[in-house]
1. Can you tell me how many residues in segment 70-84 are under 12 Å from the mean Cα position of the chain (by Cα) and open to solvent by 60 Å² or more (accessible area, probe 1.4 Å)?
2. Can you tell me which residue within segment 103-119, out of those that are in a loop (DSSP other than H, G, I, E, B) and not small (Gly, Ala, Ser), is surrounded by the fewest Cβ atoms within 10 Å (Cβ to Cβ)?
3. On the given criteria, is residue 52 open to solvent by 50 Å² or more (accessible area, probe 1.4 Å), over 13 Å from the mean Cα position of the chain (by Cα) and at pLDDT below 95?
4. Restricting attention to segment 120-151, which residues are over 27 Å from residue 35 (Cα atoms) and surrounded by 15 or more Cβ atoms within 10 Å (Cβ to Cβ)?
5. Out of segment 86-102, which residues are within 19 Å of residue 131 (Cβ to Cβ) and assigned to a loop (DSSP other than H, G, I, E, B)?
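The values are calculated or read from the model by the stated rules, or taken from the named source; none is laboratory data. Here the structure is a predicted model, which means the values were calculated and not measured. Neighbour counts are summed over all protein chains in view; Cβ atoms, including those assigned to glycine, are modelled from backbone coordinates with ideal geometry. These area figures cover heavy atoms from the full protein model, side chains too; ligands, DNA and RNA do not enter into them. Shrake-Rupley method; radii C 1.70, N 1.55, O 1.52, S 1.80 Å.
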Amino acid sequence: MALAKNFLVSLLFALIATHVAVAQVGGLLSGLLGPIHIDGVLFCSLNGQIDIINGTTTPVFPNALVQLRCGAGNVVSSTTTNGSGVFSLVLDPLQNILSSLLSNCSLVVTTPLSTCNASLPSIGLLQSPLQLVGKTLVGLLSTVNLGATGFQLLPNLI
């Protein structure tokens, strides 16, 4: 009888300890397990942003290749803008650490600007660091949203 009582008490403590450990780990990982989204709209300009020139707005940059590059230029992910200049990348948070993305990665547009406007340079890349835009709760997952801080033309790179 004492053996059965000790077994039940041990089982109860194990269940409580497991529940507490899972809650603590779940709380720590809940923000990491949702996907990381990098979204934006690319415009056909020297800085990839919308400009108003002579009362007209800058057109979007469709069919442009946008790459996420980290470290020494390693391509982590890539996508192509749609007809509205919109791009979207979705990353796995278990393979891409948020702090590393923000400090060590940038968005790079490899399609020459001259493809959307012949008066713009045909050599050079648009590049932008990343910034945290916010978090969105989708069900039980917390989705991290990142965006470009502002593209700059790097004229000597192809």
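1. 2
2. Kept after step one, since they are in a loop (DSSP other than H, G, I, E, B), are these residues of segment 103-119: 110-112, 116-119.
Add one more test, that the residue is not small (Gly, Ala, Ser), and what stays is 110-112, 116-117.
Working: 110: 16, 111: 18, 112: 16, 116: 21, 117: 14.
Among residues in segment 103-119 that are in a loop (DSSP other than H, G, I, E, B) and not small (Gly, Ala, Ser), the one surrounded by the fewest Cβ atoms within 10 Å (Cβ to Cβ) is 117.
3. Against the criterion (open to solvent by 50 Å² or more (accessible area, probe 1.4 Å), over 13 Å from the mean Cα position of the chain (by Cα) and at pLDDT below 95), residue 52 qualifies.
4. Quick first cut of segment 120-151, residues over 27 Å from residue 35 (Cα atoms) only: 120-125.
Answer for segment 120-151, where residues must be over 27 Å from residue 35 (Cα atoms) and surrounded by 15 or more Cβ atoms within 10 Å (Cβ to Cβ): 120, 124, 125.
5. Correct list: 93, 96, 97.
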